[in-house]
Amino acid sequence: MKIDDYILLLKLNEIGTIRGTAKIILISQPAVTQRLKYIEEYFGQTIFIRTSKKLMLTPVGEMIINHAKTVVEGEEALKNSLLESSEEVQGTLSIACSSLISQRYLPAMLAEYTSAYPNVGIDLVTGISEDIKRDHKNYHVCIIRGEKLRESMCSCIFEDPLYIFDTEPFPKNKLKERPLISFKSDDSMHELVDNWLYHHQHHIKPLKTIRVDQIETCKQFMKQGLGMAVLPKSVSDTMMDEYPHVALTLNKRSVTKSTWVCYQEEVRKLPQVEKFLDTILNKDYI
């Protein structure tokens, strides 16, 4: 049995279907089926029962899955120990990063990092912060927005002030009624906006909400006059000079969105992780 076979078993158990697993690991469905057949022949046992909805572990399959976890974790621990003892910065750096940060800041950071440490491989996953938080232990480093991770070492990279933009002015002594364009984000972003709107309901009243998937789509909708949009300063570019806007404040303090870098304390012993943290913690962002 190869380590890849144990990894395949874990992935099949996690995803629950052969088709879904094949899509994730980027090999054909027949190839996954053939490898599973080989593994079951190797152990002489049926590991999964195929149902119309998902794969179900047999009692023996549960034992084999537990063994697979031990093998994979042991292999990873050995690799980490070898890397810790090596003077050269090498190995793989796994990063899960908020989509906004990955689009705006991460390319330059990784260019600097890989230039200094060319022998390090990068394994990058991007998405919304809530999804990253659920699987944070699968990565060396997580860069997230909103609330920091519990039971992790976290450092705030920067605070990102929020502004509400529109193509129409924000009158001081008159109620502004306009649609609000909202982009897909984590719950903390929506809570910040909803709380601010509640405290300013006598000045700004959303007529309806237009929901879009990406922050860039939200910006373009606002620029076309479809409604107001709350955007972080980090993605506003020249919009401050071009469009009417109001800073979100409560009790004379800016409403901001925090960006955190989070990791498990033990992984910082890895040279590739330590050097990456040095790279991102010593930068100015806004």
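The values are calculated or read from the model by the stated rules, or taken from the named source; none is laboratory data. Only a predicted model underlies this, so the values are computations on that prediction, with no experimental measurement involved. Neighbour counts run over all protein chains shown; Cβ positions are idealised from the backbone, glycine included. For accessibility, only protein heavy atoms count, side chains too; no ligands or nucleic acids. Shrake-Rupley method; radii C 1.70, N 1.55, O 1.52, S 1.80 Å.
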## Note on the structure
Here the residues within region 260-286 that are touching a residue at least 12 places away in the same chain (Cβ under 8 Å), open to solvent by 30 Å² or more (accessible area, probe 1.4 Å), within 11 Å of V141 (Cα to Cα) and in a helix (DSSP H, G or I) are E265, R268
### Task
Say whether the condition of being touching a Gly at 6+ places or on another chain (Cβ under 7 Å) and more than 15 Å from F165 (Cα to Cα) is met by at least one residue in region 262-269.
no
### Query
Which one of K205, K269, K219, K275 is basic (K, R) and modelled with pLDDT under 90?
K269
### Task
Hey, can you tell me all the residues within region 130-174 that are farther than 14 Å from L100 by Cβ and among the aromatic types (F, W, Y)?
Y139, Y163, F165, F170
#### Entry: Criterion: out of contact with any strand residue (DSSP E or B) (no Cβ under 7 Å at 6 or more places or on another chain) and of a type in the set (A, V, I, L, M) - qualifying residue of M222, M240
M240
### Query
Quick one: what pairs do we get from region 119-135, first residue under 17 Å from I215 (Cα atoms), second open to solvent by 70 Å² or more (accessible area, probe 1.4 Å), C-beta under 7 Å, 6+ apart or different chains?
I128/K184; E130/D187
### Query
Only one of L36, L9 is open to solvent by less than 40 Å² (accessible area, probe 1.4 Å) and within 27 Å of the chain's Cα centre (by Cα); which?
L9
### Task
State which residue pairs qualify: first residue free of Cβ contacts under 8 Å to residues at least 24 places away in the same chain and over 22 Å from S129 (Cα atoms) and inside region 175-186, second residue surrounded by fewer than 17 Cβ atoms within 10 Å (Cβ to Cβ) and not hydroxyl-bearing (S, T, Y) in any location, beta carbons under 7 Å apart, and separation of 6 or more residues or different chains.
none
### Query
Do the conditions hold for E76, that is, is it touching a Pro at 6+ places or on another chain (Cβ under 9 Å) and either closer than 29 Å to C154 by Cα or free of Cβ contacts under 8 Å to residues at least 12 places away in the same chain (or both)?
no
### Query
Tell me, which strands (runs of 3 or more DSSP E) lie completely within region 161-251 with 3 or more residues that are open to solvent by 80 Å² or more (accessible area, probe 1.4 Å)?
204-212
